[in-house]
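Here's the structure, in structure tokens; my notes come after.
The values are calculated or read from the model by the stated rules, or taken from the named source; none is laboratory data. The shown structure was predicted, so the numbers you read here are calculated from the model rather than taken from an experiment. Cβ sites come from the backbone with ideal geometry, for glycine too, and all protein chains shown count toward neighbours. We work out accessible area using only protein heavy atoms, side chains counted, and drop any ligands, DNA or RNA first. Shrake-Rupley method; radii C 1.70, N 1.55, O 1.52, S 1.80 Å.
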Amino acid sequence: MIAEPNDDGLVQSVVPEQGPTVLRIALGGQLRKLRESCNITREAAGDAIRGSHAKISRLELGRTGFKERDIRDLLTLYGVSDPVERERFLALARQANEPGWWHRYSDLLPSWFGTYLGLEQAANKIRTYEAHLVPGLLQTPEYARAVLSLGNDNADTERRVAVRQRRQEILHRADPPIVWAVIDEAALHRPVGGPQVHREQMEHLIALAGLPNVTLQVLPYSAGEHAAAGSSFSILRFAQPELPDIVYLEHLTSALYLDRRQDLALYLSVMDRLSVQALPPQKSVEMLASYAEGLVTTTGQH
């Protein structure tokens, strides 16, 4: 269970466990509220755990694991003396330090992507815009293999494909997230893996669009200029009120996680405008079907 402070500032369990990443963020948020309620600066809190204000910032953002000694010292500093409440915080910290399923692939995945996997698994709504490729959450194994094989040996590629397939299980679980994807038409014209693989990917998108929790839109060339300017991004929302929306932007060697209110407002506005400019879902499916038919013809000619 994830816990949050009650009216007295103490911790109570309120929602089902959603994985270590969300637990870290939830616990970090609770520690921040305790610190602020005591009017204690990050610098003073950092001194209490023999660290810096930057370490406190990372803890409060859920970007790092928790040491029990640090939690005990912070709880003492914040005036949490009740043994039961202290143990609840410590138990939550232990759960937050448990590795996610993706830990077994840590030799393949950069640390910044592991954070995203944890957030993706816990989100109850995922909105994404992809400018060049089909979003990873919606890729077939063959399409993913073609994308991931560049620069990797065969063994690594197969394990990377396995990670992508494991991610996609959230689409079919009992409580799946709402996924709303806007895909640029450019992705439809990029024959990843060859015509047959690409056709099967288009057919897979059509099938996914039939799921009640998945909405697909194609942003056509005819829409002209648009607010995203070729920059792919995702917005993740969570059921837990203490967790902010997060914008995820991935680069070749790093990623950004944005949760400042002004950043969220900007990206939500851009996503809304993209959704208006894109074809409606039914028209998008028709476009995907038409493109898949063209690939059938192309495949037949070879």
Only one of (1) assigned to a helix (DSSP H, G or I); (2) open to solvent by 30 Å² or more (accessible area, probe 1.4 Å); (3) free of Cβ contacts under 8 Å to residues at least 40 places away in the same chain; (4) more than 28 Å from LEU219 (Cβ to Cβ) is not met by ARG166, so which one is it? (3)
Could you tell me how many of the residues in the range 270-286 are of a type outside the set (Val, Ile, Thr) and under 16 Å from ALA131 (Cα atoms)? 9
Filter result for VAL218 (in contact with a strand residue (DSSP E or B) (Cβ under 8 Å, 6 or more places away or on another chain), closer than 30 Å to LEU61 by Cβ and β-branched (Val, Ile, Thr)): no
Among (1) of a type in the set (Ser, Thr, Tyr); (2) under 29 Å from LEU249 (Cα atoms); (3) at pLDDT below 85, where does THR297 come up short? (2)
Residue list for the range 55-84, filter: over 24 Å from PRO99 (Cβ atoms) and modelled with pLDDT under 90: none
Need the failing condition index for LEU137 against (1) in a helix (DSSP H, G or I); (2) open to solvent by 70 Å² or more (accessible area, probe 1.4 Å); (3) free of Cβ contacts under 8 Å to residues at least 60 places away in the same chain, just the number. (2)
Can you tell me which residue within the range 121-134, out of those that are open to solvent by less than 10 Å² (accessible area, probe 1.4 Å) and part of a loop (DSSP other than H, G, I, E, B), is modelled with the highest pLDDT? VAL134
